[in-house]
1. Taking the condition assigned to a helix (DSSP H, G or I), surrounded by 12 or more Cβ atoms within 10 Å (Cβ to Cβ) and at pLDDT 90 or above, does residue 118 pass?
2. Could you grab me the full set of residues in the range 22-57 that are farther than 22 Å from residue 88 by Cβ and at pLDDT 90 or above?
3. When the residues of the range 9-21 are filtered to those that are farther than 20 Å from residue 81 by Cα and either in contact with a His (Cβ under 6 Å, 6 or more places away or on another chain) or modelled with pLDDT of 95 or more (or both), which remaining residue is surrounded by the fewest Cβ atoms within 10 Å (Cβ to Cβ)?
4. When you go through (1) small (Gly, Ala, Ser); (2) at pLDDT 85 or above; (3) surrounded by fewer than 17 Cβ atoms within 10 Å (Cβ to Cβ) one by one for residue 6, which number turns out not to apply?
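The values are calculated or read from the model by the stated rules, or taken from the named source; none is laboratory data. Remember, predicted model here, so these are calculated numbers, not experimental data. Reconstructed Cβ throughout: ideal geometry from the backbone, glycine too, with neighbour counts over all protein chains shown.
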Amino acid sequence: MTILLAYIRTPEGDAALATAVEEARLRSSGVVVVNVTRPVSEVDSPLSAEQLGDAVAALLASSGIMAELRQLPAGTDPAEGILQVVAETKPELVVIGMRRRTEVGKLLLGSTTQQLLLRIDCPVLAVKAPSG
């Protein structure tokens, strides 16, 4: 069986990555990592998408977890891209990061998170970054 991790390099994404590692160990599963390339204006990392993917794959490998990386091209709607990979891989669990919201923001989830929670048929684990 497989766990699908929707990953983007943010504190929430890193929390989701750590959770996916824990879940993969508990379930003796591999991980499919889906990363949507963000526009350059939104990227605050000195690493390219390929370097970031290599770093995530190396972390999973060092944890003894088989991993497959799916890099979706820039301009891909994140929810649609992730949903397509979910349909192809049929994971037992999907792990996503979720931003903390203000009081007003709590009325609505982020559009990508909301679409994934509503449209994925398997269990979805939404992870927040540690507050601090």
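1. no
2. 22, 25, 26
3. For the range 9-21, the residue satisfying everything is 18.
4. Every condition holds for residue 6 apart from (3).
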